[in-house]
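What follows is a single structure, written as C-alpha cells, with notes after it.
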Amino acid sequence: MREIFIKYNPYRLETSITIDGAAPKQNSRLNFGDRRLQEWIEELPDILFEECSSRDFKIKFHGTILDYEDVEAMAREAKKKGLNIELEHIPAKEVSDKEAAIDDIFDKIQAGPFDELKQPDVVKAFNMAKSSDFEVNVVATMSAGKSTLINALLRQKLMPAKQEACTATITEIKDNDADHFMAKVYDSSGNLIQTHPELTFEIMDSLNSNPEVSKIHVEGNIPFVTAEDVSLVLVDTPGPNNSRDPEHKAATYRMLSESSKTVVLYILNATQLAVNDDYNLLSHVADSMKVGGKQSRDRFIFVVNKLDEFKKGEDSIDAAITKVRDYLRDNGIENANIYPASALTALNIRTILAESDDDDDDEVGEAKVKVRKFIRNPEMYFETLAPLTPSVRGEIETRLANARSNHDTYEEALIHCGIVPIEMAIRMYVQKYAKTAKIKNIVDTFSKRLESAKSFETTKQEITENQDKQKEILANIEIIKKKLASGEDAKRFKSRIEQINYDSEIRKRADNVIVFAQKKITKQLTSSDVKMSKREAEEMCRQFARFADNLQAEIKVKLEELIGNYIYKSAADLLEEYRKKLSELAQDVNVGNISIDPFELMAGDISGLSNVEVLLSDAETTEKNWEVVGNHREYKEIFGFRRWVNKKFGTNFNVDYDIVDDYDWVEHTYIDGEKLAQRFFAPIQEQLYENSNNAVAYAKEQTKRIKNEFSKKFDELDNVLECKLKELEDCANDQKDVERRIRESQSKLKWLEEIQSKTKSILDI
C-alpha cells in the first residue's frame, strides 16, 4: 500500500504532496501548482494509478473539513474503478478561526505608529475586500416557482408570484440583517426614480408591472445567513423570454458565463420539463460547468420544484429525479447537483402556518394537509435525495432529530420539503470558495503595504546608523531623483507603454465569436420546413424573434468578456512596465549594505493599481454608440467594466410580419420556410461582422483610456516616490538626536515585524 500525504491550503492555494515520504518528480502530474483542490481532486485516482502502479493507497489529508469532504467523495468514486483508498484527516484551521484575527490586526494597524498605513486608500481597500458582495442568481423559465422559492428563502411573501410570467425587472436583494426591507428603484438609464423605506408585497407587485422600472435594489434580512458572515445578494432575473429590457437578457448570460463565480439557483418545474426556453440557457450552463472542475459544478444548484404535486401510487419521485438528470445530461450537463423541493410548502410553513393555526381558514387547512403529506410519506423526504456532504447531512439529521423529539411537525416538514438543504448548499459554497478567497484578498491588502512600510523604515534606520556615509547616500538619492526626472528615461518608458497592444489577437477572437453566431443561425435555417401555412410562418417568425433576442444577448456578453480580458491584459502589462521603471532607477546605486530600492519602497503603493475595475470606476465613463444584433437596434453604451451598461434601451425583438404578409398568398398556398428564414436572418447576418468591428474598435478605444488613467496614476506614484526620497534626504542630513531616532526606528520595526508575523499566520492552516 502506497502512502500519500496531501497538505492543501485553500487560502494560499498551495498543495504539497509526498509519495512514501518523497516528493513527486519534477514532471509529475501531481505538481498541481496554484490550482484549487476542486479543480484536480477528481483527476487524482487516475494520476496515482498511473504514477504509482498500484491500486491500494493510504491518503493522509491535512486541510479543512469542507475540502476533506471532497477528498472523501473522490475516494468513493475511485472505489467504483477498483481502487482502494484509506483516508485519514488531519484537521486544519477553519475560516471562522481567521475572521476575528483579521479584524484585530486591522485595528492594531490603525492604532499603530505608521501614518501611511492609515491613509484613506488603505482603509478603502480593506473595506472593499472585507465587504465584497456575493451573488446568488435565481434563474427559471415561466411557472417554475422562482418567486415562490425566493419568498421561502426570505421567509415572507415579498416577490410577486403568479402562474404566468411575472418577473420583468432585475431585483437584487442584499442581506443587511435589518428587521424590514427597503428599496431603491432605477429606470433603464440607471436613474433613481423611486425610494421605498418600508417595502411591501403590494409595492413590489406594482413596481414589477411598471414599464419604467428596470432594476430594483432591495436591502433587508436574508435569514439563513448573517450580514457579518457574508454580504449575500439574491438576484431575481427575468425569464429568458420575459424581459422588457434587452440588458436583462445580457445579465442572465453574463452570470451563466464561465468567467462568473456566482452561485446559480436554476429552477426546473418537475411537472413541465423540456421547455424550449430552457435549451439555450442550459447550453451555456453546460459550457461553464466544463471549465474549472468541481467548483464550476458546485456553483450550479438545480432545484427541481413542485415535486410534491406528484400523486402517490401514480407518479414516482425517484423516476422524476432520474428524468431530470437525463434531461440535463441530454443538454450537456453531467453530474448535476439536483435538489428536489417544494418551495410553496416551505413558504406556507414559514408564513401562513407561522402566523395562524386556524383550521377554518382554507389556506391554513391546505398547508396543514401538505405538512402531513411530507411527514407521512418517506418517499417525500427530499433531504435524502439531495447531494449533501457528510457534515451538512449530519447537521440536517441533528435538526430533524430535535424536531421529532420536540414534536415540531412544521420544522420536520420544512426539512423534508427541501428548502433547508438548498440554504445549506449556498452557505457551503460561500464558506468553501468565497470566504477563503476573501480572506486571501484581505491579507494581501495588508501584506504589501506592511512590506513597503518596513522597507522604507529599514532604509531610514540604515541611513541614520551610517552617518559616515552621508555624502555617498545623498549622491545616490540624487542619482535616483535625476533618473526619475530624466526626459530620456521618461521618453523610453512612454515608448514601451505605447507598444502594448493586442490588436491582432482581439481581431482573431472577435471573428471567432461571429463564426459561433453564424453557426447558430445556420442551424436555425436548416431546421425550417419547406412548406408551411401563413399561421405556421407567423409562429416560426415568433420563434426566430426569440432566438434572435437571445443571440443578441449572448453575442453581447461574449464580446464584452473578450474586451474585458483584453483590457486586463493591457493593464497587467502597464503595471509590469512601471515595475521595470522602478527597478531601473535602482541600477548604479550602491551604498554598501544600505538598500535604496524604489521598487521595494513603492510596492505597497502600486498594489492598489492591480484592481483595474476600481481604477476605472473612479474615472469618467466613456460613451460609445454600438449597434448590436437584432432588429437593427442601436444603443448608447457606457463602459463600466466587464459590461456595457445601456443608457437607452429598445424593446424586445419585434416580429417582422411584413415578411409573411408580403408573400403572394393568392398565387401560392404555402410559403417556402427555408426562403422565409433566409430573408428573416439576412439583415441580422449583415450586422454580425459590423458588430465585431465595432467591438474591436471599442476595445482599442478603452485601451487608450486605460493608458491615460494609468499614466495619471504613474505621475501620482512618481510624486509619492519623490516625497519618500526627500524624507530619506532629510534623514541623511539630520545630525541631531541620532540615538533617539535609531531607538524609535527599532521600536517601529519591531512593531511591524510582529504585525507581519500575525498577518502571515492568518493564511496558515
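The values are calculated or read from the model by the stated rules, or taken from the named source; none is laboratory data. Fair warning: this is a prediction, and the values are worked out from it, not measured in the lab. Please note: Cβ atoms are built from the backbone with ideal geometry, for glycine as well, and neighbour counts cover all protein chains shown.
Is there a residue in the range 74-97 that is of a type in the set (Asp, Glu), exposed (fewer than 15 other Cβ atoms within 10 Å of the Cβ) and without any contact (Cβ under 8 Å) to a residue 24 or more places away in the chain? The answer is yes; a qualifying residue exists. All conditions but one from (1) assigned to a helix (DSSP H, G or I); (2) touching a residue at least 12 places away in the same chain (Cβ under 8 Å) apply to residue 715; the one that does not is (2).
Quick check on the range 95-112. Is at least one of its residues touching a strand residue (DSSP E or B) at 6+ places or on another chain (Cβ under 7 Å), among the hydrophobic types (A, V, I, L, M, F, W, C) and under 30 Å from residue 447 (Cα atoms)? There is no residue in the range 95-112 that is touching a strand residue (DSSP E or B) at 6+ places or on another chain (Cβ under 7 Å), among the hydrophobic types (A, V, I, L, M, F, W, C) and under 30 Å from residue 447 (Cα atoms). Reported count of residues in the range 331-345, each being part of a loop (DSSP other than H, G, I, E, B) and not charged (D, E, K, R), is 7.
Restricted to the range 1-47, and to residues that are among the polar types (S, T, N, Q) and either in contact with a Pro (Cβ under 9 Å, 6 or more places away or on another chain) or assigned to a helix (DSSP H, G or I) (or both), which residue is nearest to residue 96 (Cα to Cα)? Only one residue tops the list, namely 38. The residue that is surrounded by the most Cβ atoms within 10 Å (Cβ to Cβ), counting only those in the range 109-132 that are in contact with a helix residue (DSSP H, G or I) (Cβ under 8 Å, 6 or more places away or on another chain) and among the small types (Gly, Ala, Ser), is 125.
A residue that is on the phi < 0 side of the Ramachandran plot, at pLDDT below 80 and not aromatic (Phe, Trp, Tyr) can be found somewhere in the range 566-576.
A count restricted to the range 751-765 and to residues that are among the basic types (Lys, Arg) and farther than 13 Å from residue 108 by Cβ stands at 1. Could we say that residue 748 is touching a residue at least 40 places away in the same chain (Cβ under 8 Å), over 30 Å from residue 498 (Cα atoms), crowded, with 18+ Cβ neighbours inside 10 Å and touching a helix residue (DSSP H, G or I) at 6+ places or on another chain (Cβ under 6 Å) here? Here the answer is yes, as residue 748 does meet what is asked.
When the range 121-142 is filtered for residues that are assigned to a strand (DSSP E or B) and acidic (Asp, Glu), the ones remaining, listed by number, are 133, 135. Scanning the range 9-47 for residues that are surrounded by fewer than 16 Cβ atoms within 10 Å (Cβ to Cβ), farther than 24 Å from residue 79 by Cα and within 31 Å of the chain's Cα centre (by Cα) returns 12, 14, 33, 34, 35. Within the range 219-238, residues that are farther than 19 Å from residue 438 by Cβ reach partners that are aromatic (Phe, Trp, Tyr) and surrounded by 20 or more Cβ atoms within 10 Å (Cβ to Cβ) with beta carbons closer than 9 Å, at six or more positions or on different chains, in the pairs 219/181; 220/181; 221/181. Residue 494 - would you say it is assigned by TED's automatic domain parsing to the domain that holds residue 673, modelled with pLDDT of 80 or more and either closer than 30 Å to residue 564 by Cβ or in contact with a His (Cβ under 9 Å, 6 or more places away or on another chain) (or both)? So residue 494 fits the description; yes.
Here residue 50 clears all of (1) loosely packed, with under 13 Cβ neighbours inside 10 Å; (2) closer than 30 Å to residue 443 by Cα; (3) not basic (Lys, Arg) except the condition numbered (2).
Restricting attention to the range 480-516, the residues that are under 20 Å from residue 716 (Cα atoms) and of a type in the set (Val, Ile, Thr) total 2.
Would the range 140-147 turn up any residue that is at pLDDT 90 or above and hydrophobic (A, V, I, L, M, F, W, C)? Checking the range 140-147: not a single residue is at pLDDT 90 or above and hydrophobic (A, V, I, L, M, F, W, C).
Yes or no, residue by residue, for (1) more than 22 Å from residue 573 (Cβ to Cβ); (2) in a helix (DSSP H, G or I):
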{"residue": "470", "(1), (2)": "yes, yes"}
{"residue": "501", "(1), (2)": "no, no"}
{"residue": "508", "(1), (2)": "no, yes"}
{"residue": "513", "(1), (2)": "yes, yes"}
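Looking only at residues of the range 199-230 that are charged (D, E, K, R) and assigned to a loop (DSSP other than H, G, I, E, B), we find that the one that is surrounded by the fewest Cβ atoms within 10 Å (Cβ to Cβ) is 228. The set of residues from the range 480-510 being surrounded by fewer than 16 Cβ atoms within 10 Å (Cβ to Cβ) and over 28 Å from residue 705 (Cβ atoms) comprises just one member, 482.
Residue by residue, here is whether (1) closer than 30 Å to residue 495 by Cβ; (2) touching a residue at least 24 places away in the same chain (Cβ under 8 Å); (3) touching a strand residue (DSSP E or B) at 6+ places or on another chain (Cβ under 8 Å) holds:
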position	(1), (2), (3)
525	no, yes, no
532	no, yes, yes
544	no, yes, no
553	no, yes, no
557	no, yes, no
565	yes, no, no
568	yes, yes, no
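When 93, 58, 79 are checked against the criterion of being outside any helix (DSSP H, G or I) and either among the aliphatic types (A, V, I, L, M) or over 30 Å from residue 755 (Cβ atoms) (or both), 58 stands alone in meeting it.
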